[in-house]
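Take a look at the structure below.
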Amino acid sequence: MTTNTKLDVLTPHNCQLIIIDHQPQMAFGVQSIDRQVLKNNVVALAKSAKVFNIPTIFTTVETQGFSGYTYPELLSVFPENDVLERTSMNSWDDQKVRDALKANGKKKVVVAGLWTEVCNNSFALCAMAEGDYEIYMVADASGGTSKEAHDYAMQRMIQAGVIPVTWQQVMLEWQRDWARKETYSAVMDIVREHSGAYGMGVDYAYTMVHKAEQRPHGNQKTLAPVPAK
């Protein structure tokens, strides 16, 4: 029997999520990924966490002085969650963050943050060294000030034991089995809204192959072609 807990798949019961500094001024500095894609991905990750009841922490830095407020699209997913403000670039330096992580009681911590090479890197290394947490870094819901900054930060963290993941990978690991109907529809809703071509394909299959109704979209009518005279 292995004792390597990193071989455990993520489940709705063994992990928590922390979203670090997804704030406008931090996003302005991101050059490693298209910023609209980045926003799409982190919102999708948050919605996935909501579906599976994953304990979720929001933390911000210098909101009033520099970074601005967390995206409303993120906060609206968890309207009941407090936002943990900090001064340190390293979330681990704030006692509220440490207390929240401990209160959630999950040693596997899924992380999405800005910037990869600063806030993500320092939190990950300290949380592993001092808190004995396992870190799952969501690479496509995080961003750095350049592709090199993001990539080399990811490499440094991986060498230290961080596990790299992507948002859709995490969501589908939580789902695991399509027979789990209690979350199936909600997962498919996230896929159709946030998963690009995969989501478009699901919409096509539902409506054209299985003849399902279109998703609610208003009261538009489709008018038949009329050849010009």
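Rolling a 1.4 Å probe across the protein heavy atoms gives the range 22-136 an accessible surface of 43 Å² per residue.
Each Lys and Arg adds +1 at its Cβ and each Asp and Glu adds -1 at its Cβ; summed about the Cα centre, the chain shows a dipole of about 780 debye. With contacts defined as alpha carbon pairs under 8 Å and 6 or more residues apart, what's the relative contact order of the range 111-229 in percent? Computed over the range 111-229, the figure is 18 percent. In the chain, the longest principal axis of the Cα atoms and the axis of helix 35-51 are about 90 degrees apart.
Annotation note: trypsin sites (Lys or Arg not before Pro) in the range 132-203 located in DSSP loop regions with a Cβ neighbour count of at most 11 within 10 Å are absent.
Taking GluC sites (Glu not before Pro) across the range 166-229, the ones in a DSSP loop with at most 14 further Cβ atoms lying within 10 angstrom of their Cβ are Glu213. In the context of the full set of protein chains, the range 183-229 has a per residue accessible area of 82 Å² (1.4 Å probe). About the centre of its Cα atoms, the range 31-135 shows a dipole size close to 340 debye [charges on the beta carbon of Lys, Arg (+1) and Asp, Glu (-1) only; nearest 20 debye]. Each other residue within a Cβ distance under 12 Å of Arg86 adds +1 if Lys or Arg and -1 if Asp or Glu, for a net charge of -3. For Lys106, the lysines whose Cα falls under 21 Å of its own Cα, not counting residues fewer than eight places away in the same chain, are Lys6, Lys47, Lys50, Lys96.
Take the solvent-accessible surface of the protein heavy atoms, probe 1.4 Å, and return the percent of it on the range 70-192 that carbon and sulfur atoms account for. Its accessible area is 52 percent carbon and sulfur atoms. For the pair Glu130 and Leu7, a Förster radius of 25 Å applied to the C-beta separation gives a FRET efficiency near 0.60, rounded to the nearest 0.05. Stretching the chain fully between Arg180 and Asp82 yields a gain of 32.2 nm (0.36 nm per residue, less the alpha carbon separation). Round to the nearest 10 and give me the degree value, 0 to 90, for the angle of helix 147-160's Cα axis relative to the longest principal axis of the chain. The angle comes out at about 60 degrees. Using only Cα atoms, tell me the angle between helix 95-104 and the longest principal axis of the chain; keep it within 0 to 90° and round to the nearest 10. The angle comes out near 60 degrees. In the range 62-161, if the dipole is taken from +1 on Lys/Arg beta carbons and -1 on Asp/Glu beta carbons about the Cα centre, which of Val138, Val97, Ala127 is farthest to the positive end? Result: Ala127, furthest along the dipole toward the positive end. Each stretch of four or more DSSP H residues adds -39500 (n - 2.57); spread over every residue of the chain, this sum gives -12000 deg cm²/dmol at 222 nm.
The values are calculated or read from the model by the stated rules, or taken from the named source; none is laboratory data. Worth saying up front: this structure is predicted, and the values here are computed from it rather than measured. So basically every Cβ, Gly included, is an ideal-geometry build from the backbone, and we count neighbours across all protein chains shown. These accessible areas exclude ligands, DNA and RNA; they are computed on the full protein's heavy atoms, side chains included. Shrake-Rupley method; radii C 1.70, N 1.55, O 1.52, S 1.80 Å.
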